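Asks: Before anything else, here's the structure in question.
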Amino acid sequence: MSSHLVPKFSSAFAKGDPATLAARCLSQMPGDTLATVGVVYVSEAAAAALPDIVRELSEGTGIADWVGGVGLGICAGANEVYEASAAAVLTASLPADAFRLFAASNDPGAELPRHHSEWLERVSPSLALVHGDARCDNLMRVMADTAAASGAFLVGGLVSHRCEAPLLAGDVANETAFGRSGMSGLMLSPEIGVATGLTQGCVPIGPVHRIDEARENIIMEIDGRPALNVFYDDIGPELVSDPRRLGGIIFAGLPVAGTDTGDYLVRNLMAIDPRQGWVVIGAEVSAGDPIVFCRRDPESARADMDRMLKQLSARLPGPPRAGIYVSCIARGASLFGEPGVETGMIREALGDFPLIGFFANGEISRDRLYGHTGVLTLFT
């Protein structure tokens, strides 16, 4: 980050009556920050009030440009909320030319150049905080087009799929700021210092295998053997004897080509066919693709979170100024047994700083859609 640019950040959190969330958040925020952009996440119970909440926040802060949406849950500091009505807010004093917002679109490959071509060419944004709607039919293409058109490293996740308009990006005086389907977000110039990390919630339980025969998401043969035999060898006799326990515990990992970090995309185990010896997963695969079977495990997730935080800490020039954390809805309290574990680990490793986030239906890092992961973005 340029030495002359030191953005200021403020955060707030409120829980309770949706009609009071904005006012209670505003009461926690300083009035002289000269903030220029805001990030807000609300829980599903507050989804219907999102336009009113953001417009009240805009009036109270003077910030016109907002980005965010409706999470399956939200977090802020030590708070982690799923069912109740709640809002988490982060404001930043960024130079006007250091960011651009783009509203929800199913065709960002065309929309981004149409609206921001001069800025994109001149600035070459380094990072984009993005939010997607899982109901988008061509979500993977939309995500890839967003990355290609912006040239930015994407971070973010999929918002609630149960709300009419869960996406927010733009000047909240315009109805176009509130949308559904496709992807929306905030692009940042390279002068805004950031560091990102990804942590996995599932650990491999066997070696990386090679798929020899597959049709769409049905895997027939792995390593020259029936796929189910290989699967059984990896998961062990205890789970083989009680296949009802497999759901929510065992997953398929698809290693990412071209990476040297052992990165993999976790996909659900959909079914097994003992008669045919087949395994069915929640993604299309082809012969020649690698696959590794994984287990969802809270202790392994803690260990990998610790790894990510240590690596991030070593890269930081100083204490973080602010952060945004996107975690899978299958993590949080449902994985760790109590709320606030992940944000607590972040604060323990990196100190206390403005930190908000949401629980997602899928997490985004670079140009890939993950599951069972956490994506942490720090402003440096």
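Asks: Evaluate E = 1/(1 + (r/R0)^6) for THR176 and TRP119, where r is the Cβ-Cβ distance and R0 equals 25 Å; express this FRET efficiency to the nearest 0.05.
Replies: 0.85
Asks: Sorted from largest down, what three extents in whole angstroms do the Cα atoms of the range 287-380 have along their principal axes?
Replies: 46, 30, 22
Asks: Also, I was wondering about something else. State the Cα centre-to-centre distance between the range 70-146 and the range 150-221 in whole Å.
Replies: Comparing the Cα centres of the range 70-146 and the range 150-221, I get a distance of 10 Å.
Asks: In whole Hz and in residue order, list the ³J(HN,Hα) couplings for the range 345-356 that follow from phi through the Karplus curve 6.51 cos²θ - 1.76 cosθ + 1.60, θ = phi - 60°; x for Gly and Pro.
Replies: Per residue, the Karplus-derived 3J(HN,Hα) values read 5, 4, 5, 5, 7, 10, x, 8, 7, x, 9, 9 Hz.
Asks: Taking the Cα-to-Cβ direction at ARG135 and at ARG215 and moving 7 Å from each Cα, how far apart do the two end points lie in nm?
Replies: 3.3
Asks: On to the next question. Averaging sequence separations of C-alpha pairs under 8 Å and six or more residues apart, then dividing by the length of the range 181-293, give the relative contact order as a whole percent.
Replies: 35
Asks: Between GLY247, GLY157, GLY332, which gets the highest mean-square fluctuation from a Gaussian network model of the chain, Cα cutoff 10 Å?
Replies: Among GLY247, GLY157, GLY332, the largest GNM mean-square fluctuation belongs to GLY247.
Asks: Rounded, prolate or oblate: which fits the range 17-88, taking a ≥ b ≥ c as square roots of the Cα gyration tensor eigenvalues, rounded meaning a/c under 1.5, else prolate when a/b beats b/c?
Replies: In terms of gyration-tensor shape, prolate.
Asks: So if the hydrodynamic radius of the range 182-253 is defined as the Kirkwood radius over C-alpha pairs, what does Stokes-Einstein give as its diffusion coefficient at 20 °C and 1.002 mPa s, in µm² per second?
Replies: In µm²/s, the coefficient is 136.
Asks: Starting with the fewest neighbours, write out HIS116, HIS161, HIS209 ranked by other beta-carbon atoms found within 10 Å of each beta-carbon.
Replies: Fewest-to-most Cβ neighbours within 10 Å comes out as HIS161, HIS116, HIS209.
Asks: While we're looking at this one, here's another question. What percentage of all Cα-Cα pairs in the range 1-159 are separated by more than 18 Å?
Replies: The proportion of pairs with Cα distances above 18 Å equals 61 percent.
Asks: For a quick check, take a GNM of the chain with Cα springs below 10 Å and name the residue from ASP242, ASP289, ASP223 with the largest mean-square fluctuation.
Replies: Per the Cα network of the chain with a 10 Å cutoff, ASP242 tops the list.
Asks: So if R0 is 51 Å, what FRET efficiency would ASP233 and ALA23 give, r being the distance between their Cβ atoms, rounded to the nearest 0.05?
Replies: The calculated FRET efficiency here is 0.30.
Asks: Report the local net charge at PRO226: Lys and Arg +1, Asp and Glu -1, summed over other residues whose C-beta lies under 15 Å from its C-beta.
Replies: With Lys, Arg at +1 and Asp, Glu at -1, the neighbours total -3.
Asks: First check a/c for the chain, with a ≥ b ≥ c the square roots of the eigenvalues of its C-alpha gyration tensor; if it is under 1.5, answer rounded, and if not, answer prolate when a/b is larger than b/c or oblate otherwise.
Replies: Verdict is prolate for the chain.
Asks: With r as the distance between the Cβ atoms of ALA45 and SER93 and R0 = 35 Å, compute the FRET efficiency 1/(1 + (r/R0)^6) and round to 0.05.
Replies: Numbers: r = 31 Å, r/R0 = 0.87.
So the FRET efficiency works out to roughly 0.70.
Asks: Turning to a different aspect of this structure: Got a sec to turn the phi values of the range 161-167 into Karplus ³J(HN,Hα) couplings, 6.51 cos²θ - 1.76 cosθ + 1.60 with θ = phi - 60°, whole Hz, x for Gly and Pro?
Replies: Rounded to whole hertz, the list is 9, 10, 10, 5, 9, x, 9.
Asks: Once fully extended, how much extra length lies between GLU191 and ALA349, figured as 0.36 nm per residue of separation less the alpha-carbon to alpha-carbon distance?
Replies: 54.3 nm
Asks: At 0.36 nm per residue, and after removing the present C-alpha to C-alpha distance, how many nm does the segment from ALA283 to ASN79 gain when stretched out fully? It would help to have the intermediate numbers written out before the result.
Replies: Numbers: separation 204, 0.36 × 204 = 73.44 nm, distance 3.36 nm.
Separation in residues times 0.36 nm, less the Cα-Cα distance, equals 70.1 nm.
Asks: Additional query: Okay, helix-only estimate at 222 nm for the chain: each DSSP H run of n ≥ 4 adds -39500 (n - 2.57), divide by all residues, round to 500 deg cm²/dmol; what do you get?
Replies: Calculated mean residue ellipticity at 222 nm is -7500 deg cm²/dmol.
Asks: Once every Cα of the range 234-281 carries one equal point scatterer and solvent is ignored, give the base-10 log of I(q)/I(0) from the Debye formula at q = 0.15 Å⁻¹, two decimals.
Replies: -0.49
Asks: Once you wrap a convex hull around the alpha carbon atoms of the range 138-207, what is its projected area averaged over all directions, in nm²? Walk me through the numbers before you get to the answer.
Replies: Values: hull surface 31.0 nm².
Averaging across all directions leaves 7.7 nm² for the Cα convex hull.
Asks: Which order results if PHE358, PHE178 are arranged by neighbouring Cβ count within 10 Å, fewest first?
Replies: Working: PHE358 30, PHE178 22.
Taking fewest neighbouring Cβ atoms as first place, the list is PHE178, PHE358.
Asks: Need one number: the % of Cα-Cα pairs in the range 202-296 sitting beyond the 17 Å mark.
Replies: I get 43 percent for the Cα pairs in the range 202-296 exceeding 17 Å.
Asks: Residue separation times 0.36 nm, minus the C-alpha to C-alpha distance between ARG244 and GLU338: what's the value?
Replies: Details: separation 94, 0.36 × 94 = 33.84 nm, distance 2.48 nm.
Extra length from ARG244 to GLU338 when fully extended: 31.4 nm.
Asks: Something else now. How high is the relative contact order of the chain, in percent, with contacts defined as C-alpha pairs under 8 Å that are six or more residues apart? Kindly include the intermediate steps, with their values, before the conclusion.
Replies: Details: 940 pairs, mean separation 75.7, N = 380.
The normalised contact order for the chain reaches 20 percent.
Asks: About the Cα centre of the chain, how large is the charge dipole given +1 on each Lys and Arg Cβ and -1 on each Asp and Glu Cβ? Please answer in debye to the nearest 20.
Replies: With Lys and Arg at +1 and Asp and Glu at -1, about 380 debye.
Asks: Starting at the first residue of the range 361-367, write each ³J(HN,Hα) from the Karplus equation 6.51 cos²θ - 1.76 cosθ + 1.60 with θ = phi - 60°, in whole Hz, x for Gly and Pro.
Replies: 8, x, 10, 10, 9, 6, 10
Computed from the coordinates by the stated procedures, all read-outs in this text should not be read as laboratory data. Predicted model, so just to flag it, every value in this text is computed and none were measured. Heads up, the Cβs are rebuilt from the backbone with ideal geometry, glycines too, and the neighbour counts pull from every protein chain shown.
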